[in-house]
Amino acid sequence: MSNIDPVLLLSALIVVSTPILLAAIGELVVERAGVLNLGVEGMMITGAVCGFVVATASGSPWLGFAGAALGAAALSMVFGVLTQVFLSNQVATGLALTLFGLGLSALLGQGYIGVKGPSVPDLYLPLLRDIPVLGPVLFRHDIIVYLALGIVAGVAWFLNRSRAGRVLRAVGENHDAAHALGYKVVRVRLMAIAFGGACAGLGGAYLSLVRVPQWTEGMTAGAGWIALAIVVFASWRPGRLVLGAWLFGGTTALQLALQASGGVQIPIEYLQMAPYLATILVLVILRTGRAPGSLGRSFHASS
Amino acid sequence: MTIKKLLLGATAAMAVATGAMAQDDKTKVGFIYVGPIGDLGWSYQHDQGRLAVEEAFGDQVETVYVESVPEGPDAERVLTQMALQGADMIFTTSFGFMEATMNVAQKFPDVKFEHATGYQRADNVSTYSARFYEGRAVQGLIAGEMTESNIIGYIGSYPIPEVIRGINAAYIQAKKVNPEVEFRIVWAYTWFDPAKEAEAAKALIDAGADVILQHTDSTAPQAAAQEAGDVITFGQASDMLDYAPKPRVSSIIDNWNQYYVDRVGAVIDGTWESTDTWAGIDSGMVEIGEITEAVPAEVREAALELKDAIAAGEVHPFTGPLNKQDGSEWLAEGETADDGTLLGLNFYVEGIEGDIPQ
């Protein structure tokens, strides 16, 4: 254990948690608007493939990220139209979206397996990067890491401080009342779903463009489900969401570091379970929140 | 209604079956791969073998393949389907397909099966594997000479004898040329998962490794090493030349082409028999990919010398005196390991730290 460098571990933690954080913050907004979209995994993997295809075709990772956000948002609109306009069951439609996304991404990714993508440079922050300890942990990452944290801060501000954010929460808490007050429930929800899709897409593209960086079928490997769980256990609060994502990322990075440091006495099976157990445990202990009142219920102006 | 449907289905199935038999002059050869062909590693090389068969026999054969088949019940389903569609011979190209292969082989005694890296055989099931550990020994020598941190990272897939053999063979040679060397092993529990492999590589690099050996099939560890800078890697299963001259400084290439051509030829001639093949560098089944200029000339010479000595049978990578990890004697001075022990190898040699997961 003694030969694990905590600075490198913390730095790895932030990178490992970024895709989950991105997907989770999107889903948090969706759920705060009263919609349960279980299709996060499908949107993530679609984002991963769209991002990779656009980035290799254009040579620009930034266009790739834009393509990922657009592609996944477009996919989320399938869910949006089905659940908000045609009032289909949200759970079933969300699950279908995951399956559809996995299949669609495999199809789109044909011919991109094993291809090398363009590389994403780390953001060069002079001075800041040279601060001992904090420099390598916080200030030597690529721009998407900061973008993810920026989105979380923005969402926190939006939900708690802005008028539009309060409308969104009202829609999520009680859609009938919000409707009676003259808010456009369906429109607000569609926008939230599109935002959730775009964020999940960015998270997926972070995997295929930064972390790996390659395209493989099924490469999100359950990250979308982790994101969903973190939203619930974080009691729908952005601050706790960051905590949950870092905890998960931290234990994931730690278990690999433990194996790599040599001479660990803990069986590897337990190490591999650790991220899931730790995340669930801590967030359950912290849990005080309540789900948005209208979560998962269909809304129609006539009812 | 249901009975009628069933009957209709049965007639259709029979029509398909007779159709398949009617064109039996063509030998149909099936392949199942554990990863995508595009892994540019293990499955890619098996597919090269399939293409070699097509080229060698032209119109005499028809090949079919299914990629990314999970090890488990799915494999059995895919194999059954292949056999039903009239395959005369099926190559199952991953250790984890062993049970599925044996089960399906029992149901289709007329179909010849070739299972890679397994140990169970039957009248219609052959096994074949390559002595990858010979190549690992050459990698170990280069790794031991090249490392400056004296920490060598090793990404293991599953703790099965084949992988453990590779770790031991590499360690023995590395230790020989560099007594200070230390191995760090991360088990990824996958043959192919670029995200996991990349993370494992990064964790090893963070732990101080400047040489990464991998027993997983994707190029993700190569990409991670390239990004980290001063780290060298070896191509696994395939040449992985995209990453040469650095990080990839050499590779083990599995060359199945000749074996596949020979075995398919045997089926066509009707001389096929159940056999057990375990071939090494001398037969060409294990190739050492070009050693790049990132490796100093004298190290390259030494590596090639070792390779030639192994091919000539003068050097066995497992030659005593060797102790087991717990310090007990395994091989006495000059004694070499027999194939039986090697096939079931389930312990580390002395000096490697950590436990093999059970």
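With respect to being at pLDDT 95 or above and among the basic types (Lys, Arg), residue B:263 fits the description. Of all residues in the range A:135-153, none are under 30 Å from residue A:277 (Cβ atoms), among the aliphatic types (A, V, I, L, M) and not in a helix (DSSP H, G or I). Restricting A:82, A:8 to those that are modelled with pLDDT of 95 or more and either open to solvent by 30 Å² or more (accessible area, probe 1.4 Å) or of a type in the set (Asp, Glu) (or both) reduces the list to A:82.
Can you list the helices (runs of 4 or more DSSP H) found entirely within the range B:202-312 that contain at least 2 residues being in contact with a Phe, Trp or Tyr (Cβ under 7 Å, 6 or more places away or on another chain)? Please lay out each step first, then the result.
Values: elements: B:220-228, B:257-269, B:297-311.
It comes to B:220-228, B:257-269.
Residues in the range B:333-352 that are under 15 Å from residue B:172 (Cβ atoms), in contact (Cβ under 8 Å) with a residue 12 or more places away in the chain and open to solvent by 30 Å² or more (accessible area, probe 1.4 Å): B:333, B:334, B:335, B:336, B:347, B:350, B:351. Among helices (runs of 4 or more DSSP H) entirely within the range A:159-222, having at least 1 residues that are in contact with a Leu (Cβ under 8 Å, 6 or more places away or on another chain) singles out A:163-173, A:185-206. Only one of the numbered conditions (1) within 13 Å of another protein chain (Cβ to nearest Cβ); (2) buried (at least 24 other Cβ atoms within 10 Å of the Cβ); (3) in contact with a Lys or Arg (Cβ under 9 Å, 6 or more places away or on another chain); (4) not in a strand (DSSP E or B) is violated by residue B:144, and that is (1).
Considering only the range A:54-67, I want to know if a residue exists there that is within 13 Å of chain B (Cβ to nearest Cβ), under 24 Å from residue B:67 (Cβ atoms) and at pLDDT below 95. No, there is no match, as no residue in the range A:54-67 is within 13 Å of chain B (Cβ to nearest Cβ), under 24 Å from residue B:67 (Cβ atoms) and at pLDDT below 95. Considering the conditions (1) among the hydroxyl-bearing types (Ser, Thr, Tyr); (2) facing chain B (nearest Cβ under 7 Å); (3) more than 15 Å from residue B:200 (Cα to Cα), residue A:261 is excluded by exactly one of them, (3). Once the range B:110-141 is narrowed to residues that are open to solvent by 40 Å² or more (accessible area, probe 1.4 Å) and closer than 18 Å to residue B:276 by Cα, the residue that is farthest from the chain's Cα centre (by Cα) is B:123.
Would you be able to tell me the number of residues in the range B:194-207 that are more than 7 Å from chain A (Cβ to nearest Cβ) and not hydrophobic (A, V, I, L, M, F, W, C)? Let's see the steps before the verdict.
Step one: of the range B:194-207, the residues more than 7 Å from chain A (Cβ to nearest Cβ) are B:196-197, B:201, B:205.
With the extra rule that they be not hydrophobic (A, V, I, L, M, F, W, C), the set shrinks to B:196-197.
Looking only at that region, the number is 2.
The residues of the range A:272-303 that are of a type in the set (Phe, Trp, Tyr) and part of a loop (DSSP other than H, G, I, E, B) amount to a single one, A:299.
Condition check ((1) in a helix (DSSP H, G or I); (2) away from every other protein chain (no Cβ under 14 Å); (3) modelled with pLDDT of 95 or more) across all residues:
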| site | (1), (2), (3) |
| --- | --- |
| A:3 | no, no, no |
| A:13 | yes, no, no |
| A:17 | yes, no, no |
| A:21 | yes, yes, yes |
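The values are calculated or read from the model by the stated rules, or taken from the named source; none is laboratory data. The shown structure was predicted, so the numbers you read here are calculated from the model rather than taken from an experiment. Glycine also receives a Cβ, built like all others from the backbone with ideal geometry; neighbour counts cover every protein chain displayed. What goes into the accessible areas is simple: the full protein's heavy atoms, side chains included, and nothing from ligands, DNA or RNA. Shrake-Rupley method; radii C 1.70, N 1.55, O 1.52, S 1.80 Å.
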